[in-house]
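> Before anything else, here's the structure in question.
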Amino acid sequence: MDVRRQLAYADKARLLLRETLEANPEAFERRFETTGPYHTIRELVAHLVGAEQRWTIGRLYGEPRPPRYEDAAAQTLAGLFTDWEDIRARTRAFASRADADTLARVIRFEMPPGGQTVSLTLEEVLFNICNHQSWHLGQISMALQQMGTDPPNFDYVLLRPAP
């Protein structure tokens, strides 16, 4: 599947998430039970911004890895989504300019830093950015359900871009 279509889907899902959280502001900072490290939707969204920033700047562009966004993340819904749009614009810009040779280029890195050495194509890095967002949207959906809010349907079939 074309990574540009995946990013277009991810953008629609991100917009739907923002609209849902704006309509349910009490859910943004409400704690929920989880075995994971993020216990509020705000923390999960901050992690999504930070992870995409690290993948885009450090992996796609090959620039020095930025400091952890999560440690100085915006505290408001508007601030987080503004920051996310700023980094997503760089992700989209890379994808829109990347030709087949660029997408096929392999990078090697440790995941996490100091851990296992991994090799991915830049196309796989873009896929991972979208897949990582979907993973955490599932967690956010479950958290919203635990709070009594019906989450939106983030299914690709419903949000896919027009052919």
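Taken together, the values in this text are just the output of simple stated rules run on the coordinates, not laboratory data. For clarity, every value in this text was computed on a predicted model and none was experimentally measured. Note: ideal-geometry Cβ built from the backbone for every residue, glycine included; neighbour counts use all protein chains shown.
Yes/no matrix, rows are residues, columns are (1) more than 21 Å from Phe94 (Cβ to Cβ); (2) part of a helix (DSSP H, G or I); (3) basic (Lys, Arg):
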site	(1), (2), (3)
Arg4	no, yes, yes
Leu7	no, yes, no
Leu17	yes, yes, no
Gly36	yes, no, no
His39	yes, no, no
Arg42	yes, yes, yes
Trp55	no, yes, no
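> Take the residues in region 124-140 that are polar (S, T, N, Q) and surrounded by fewer than 18 Cβ atoms within 10 Å (Cβ to Cβ), then tell me which one is farthest from the chain's Cα centre (by Cα).
Gln139
> Quick check on my filter: what residues within region 55-75 are touching a Lys or Arg at 6+ places or on another chain (Cβ under 9 Å), under 25 Å from Gly138 (Cβ atoms) and surrounded by fewer than 16 Cβ atoms within 10 Å (Cβ to Cβ)?
Arg68, Gln75
> How about region 1-39: which of its residues are farther than 15 Å from His132 by Cα, among the β-branched types (Val, Ile, Thr) and in contact (Cβ under 8 Å) with a residue 24 or more places away in the chain?
Thr20, Thr34
> Sort through Glu110, Glu85 and tell me the only one that's within 15 Å of Arg54 (Cα to Cα) and in contact with a strand residue (DSSP E or B) (Cβ under 8 Å, 6 or more places away or on another chain).
Going through Glu110, Glu85 in turn, the sole match is Glu110.
> Further question on the same structure: For region 90-110, which positions are surrounded by 11 or more Cβ atoms within 10 Å (Cβ to Cβ) and of a type outside the set (Lys, Arg)?
Thr91, Ala93, Phe94, Ala95, Ala98, Thr102, Leu103, Ala104, Ile107, Phe109
> Still on this structure, I have one more. With the condition kept exactly as written, say whether any residue in region 103-115 is under 20 Å from Arg5 (Cα atoms), over 16 Å from the mean Cα position of the chain (by Cα) and touching a residue at least 24 places away in the same chain (Cβ under 8 Å).
yes
> Of Glu52, Glu43, which residue is among the acidic types (Asp, Glu) and out of contact with any helix residue (DSSP H, G or I) (no Cβ under 6 Å at 6 or more places or on another chain)?
Glu43
> State which residue pairs qualify: first residue over 20 Å from Leu44 (Cα atoms) and inside region 73-101, second residue surrounded by fewer than 19 Cβ atoms within 10 Å (Cβ to Cβ) and of a type in the set (A, V, I, L, M, F, W, C) in any location, beta carbons under 8 Å apart, and separation of 6 or more residues or different chains.
Arg90/Ile57
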